[in-house]
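Please read the structure below before turning to the comments.
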Amino acid sequence: MGEQQVRAAFTELYGAEPEGVWSAPGRVNLIGEHTDYNDGFVMPFALPHTAVAAVARRDDGVLRLHSADVEGGVAELALDALAPGGDHDWTAYPAGVVWALREAGHPVTGADVHLASTVPAGAGLSSSAALEVVVALALNDLYELGLPRWQLARLCQRAENVYVGAPTGIMDQTASACCEAGHALFLDTRDLTQKQIPFDLAAEGLRLLVVDTQVKHAHSGGEYGKRRAGCEKGAALLGVDALRDVPYADLGAALERLAPDDPDGEVRRLVRHVVTEDERVERVVALLEAGDARAIGPVLDEGHASLRDDFRVSCPELDLVVDTARTAGALGARMTGGGFGGSAIVLVETADVAPVTQAVEKAFAAADFTAPRVFEAVPAAGAHRLT
Ligand code: ADP
Ligand code: MG
């Protein structure tokens, strides 16, 4: 979405120029799924798709919100009346950020916000975090709060967890706030230690495709919460703070210890996914640092199988993308994001982009699924001020 367009729309809506315009991207997660709420590792990179917000301060305790992408007029909220747990629409994301900032003691006295986003909503590409982070960064700049990126991400996560009521981890907000162009972000979600890993597939003759199945998921829905609760149960039974604390080398012993308390195997499947997924992230980091991007293909495949069979968050559309792409010559593929729909990523040789894309489209048509949206993902910049 063009900066000038958003600026002009703000001026038309609110009758004055904005004080600035900010941008925050959606993300794709290369590897490390459902690990972030287990204190584990993730490896997202930013998409060129962004939420762009024009913002001006107010000093009268009023928050006005408008999205170019949602039907309806300007929402007007009183800051003192912001409270978690209401019956929320999209405004809960930006309003939740303002609530979280004020609750943490930051002197935000109001704002006018107009935003527009090119991040597809509900596609597993983190349109919600883009929305939160763009507002948080704008207010951080305008109110001169001086908060570091990681802390803005924490406040945005709090907005989503507590105000919106979606029990998501810290990956999405940190990715949107902290990613760098040309890099994937290796993030330890326990302490938010970060390492930017150069990720230039084109230089190695490779491409990463994102296939949005158009199947909409809802993270605030119960399945996500159930997985999360199951992971917490596993950690409690094993006597650790989080599943991240189960070393990969001890996985077999840990699974044996869980057996008596886990008659149907549900907790053991969840634990096995999380522990092996953390190990896969470390393997991908090592391969990329060694300059061997081709070799991550099989690791992506393993990750998908684990999400499908152990964590059980895939769906027929995601499985069809992965299976078809692989048969058509892809080097590896996996669902990305929380699951139950959303998007898959596919690693291909540059020459195979067209045949793999066509094979997936054909398979979707044959299965009578809604046509998928396929695009190439190139690691883009994290959130920043445009003007
Ligand atoms: P994801 O983050 O994977 O896209 P979520 O369910 O976490 O999916 O967030 C999607 C929600 O974010 C939408 O239902 C909507 O409330 C909000 N949202 C996303 N983009 C916009 C937008 N451009 N304008 C208004 N609200 C948006
Ligand atoms: Mg989201």
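In order along segment 121-137, the Karplus-derived 3J(HN,Hα) couplings, from 6.51 cos²θ - 1.76 cosθ + 1.60 at θ = phi - 60°, round to 7, x, 9, x, 10, 6, 5, 5, 5, 4, 4, 5, 5, 5, 6, 4, 5 Hz, and Gly and Pro are given as x. Here is how the number arises for the chain: DSSP H runs of 4 or more residues each give -39500 (n - 2.57), the sum is divided by the residue count, and the result at 222 nm is -11500 deg cm²/dmol.
Between Cys315, Cys156, Cys179, the Gaussian network model of the chain with springs among Cα atoms under 10 angstrom shows the greatest mean-square fluctuation at Cys315. Here's how it looks for Gln214: its modeled amide H is under 5 Å from those of Gly342, Arg373, which are all 5 or more places away or on a different chain. Using the Karplus relation 6.51 cos²θ - 1.76 cosθ + 1.60 with θ = phi - 60°, the per-residue 3J(HN,Hα) values for segment 241-257 come to 5, 8, 5, 4, 7, 8, x, 3, 5, 9, 4, x, 5, 5, 5, 4, 5 Hz, with x marking Gly and Pro. Accessible area per residue for the chain is 38 Å², calculated with a 1.4 Å probe on protein heavy atoms, without ligands, DNA or RNA. Count charges around Leu101 for me, please; just the other residues with Cβ under 15 Å from its Cβ, Lys/Arg as +1, Asp/Glu as -1. Within the 15 Å Cβ shell, the charges total 0. Extension gain, Glu256-Lys195: 0.36 nm per intervening residue step, less the Cα-Cα distance, totals 18.5 nm. Taking amide hydrogens as placed 1.01 Å from N in the peptide plane, the amide H of Asp69 sits under 5 Å from those of Ser117, each at least 5 positions away in sequence or on another chain. A probe of 1.4 angstrom, applied to the heavy atoms of all protein chains, finds Arg373 with accessible area near 90 square angstrom. Checking every one of the trypsin sites (Lys or Arg not before Pro) in segment 1-66 against DSSP loop status and a limit of 12 other Cβ atoms within 10 Å picks out no site at all. Working from label points 7 Å from Cα in the Cα-to-Cβ sense, the Arg373 to Ala286 distance is 3.8 nm.
When both segment 71-93 and segment 1-16 are represented by their alpha-carbon centers, they are found 21 Å apart. Here the dipole of segment 187-282 is about 300 debye; that uses its Cα centre as origin and unit charges on the Cβ of Lys and Arg (positive) and Asp and Glu (negative).
Which loop-located GluC sites (Glu not before Pro) does segment 11-98 contain, where loop means any DSSP state but H, G, I, E or B and the Cβ has at most 13 other Cβ atoms within 10 Å? Sites meeting the loop and neighbour criteria: Glu71. Just checking the listed ones, Asp141, Asp301, Asp59: in the Gaussian network model of the chain with Cα springs under 10 Å, the one fluctuating most is Asp59.
Ordering Ala159, Gly86, Val74 by Cα displacement along the dipole of segment 3-197 toward the positive end leaves Ala159 in first place; charges were set at the Cβ atoms of Lys, Arg (+1) and Asp, Glu (-1). Is the shape of segment 346-387 rounded, prolate or oblate, going by the alpha carbon gyration tensor and its root eigenvalues a ≥ b ≥ c, with a/c under 1.5 for rounded and a/b larger than b/c for prolate? Oblate, because a/c is 1.5 or more while a/b does not exceed b/c. Karplus-based coupling profile of segment 155-162, in residue order and whole Hz: 5, 5, 4, 4, 4, 6, 5, 8, with θ = phi - 60° in 6.51 cos²θ - 1.76 cosθ + 1.60 and x standing for Gly or Pro.
A Cβ-based charge dipole, computed about the Cα centre of segment 35-158 with Lys and Arg at +1 and Asp and Glu at -1, lands at about 300 debye. For segment 3-197, carbon and sulfur atoms together expose 47% of the accessible surface, with a 1.4 angstrom probe and every protein chain in place. For segment 236-385, what class follows from the C-alpha gyration tensor (a ≥ b ≥ c being the square roots of its eigenvalues): rounded when a/c is under 1.5, otherwise prolate if a/b is larger than b/c, else oblate? It is prolate, given that a/c is not under 1.5 and a/b is the larger ratio. Please go through segment 154-230 and write out the trypsin sites (Lys or Arg not before Pro) that DSSP classes as loop and that have at most 14 other C-beta atoms within 10 Å. Answer in residue order: Lys216. Accessible surface of segment 286-339, 1.4 Å probe: 52 percent of it comes from carbon and sulfur atoms. Classify segment 206-292 as rounded, prolate or oblate, taking a ≥ b ≥ c as the square roots of the eigenvalues of its Cα gyration tensor: rounded when a/c is under 1.5, otherwise prolate if a/b is larger than b/c and oblate if not. Oblate, since a/c reaches 1.5 and b/c is not below a/b. Once backbone amide H atoms are built at 1.01 Å from N, Gly20 has Val55 as its partners under 5 Å, excluding neighbours fewer than 5 places away on the same chain. The charge dipole of the chain, taken about the Cα centre with unit charges on the Cβ atoms of Lys, Arg (+1) and Asp, Glu (-1), comes to about 80 debye, rounded to the nearest 20.
Available extension along the chain between Arg312 and Leu386 is 22.6 nm, counting 0.36 nm per residue and deducting the alpha carbon span.
The values are calculated or read from the model by the stated rules, or taken from the named source; none is laboratory data. Source: prediction; values computed, not measured. All Cβ positions, even for glycine, are placed from backbone atoms using ideal geometry, and neighbour counts span all protein chains on display. For the accessible areas, the whole protein counts, side chains as well, though only heavy atoms, and no ligand, DNA or RNA atoms are used. Shrake-Rupley method; radii C 1.70, N 1.55, O 1.52, S 1.80 Å.
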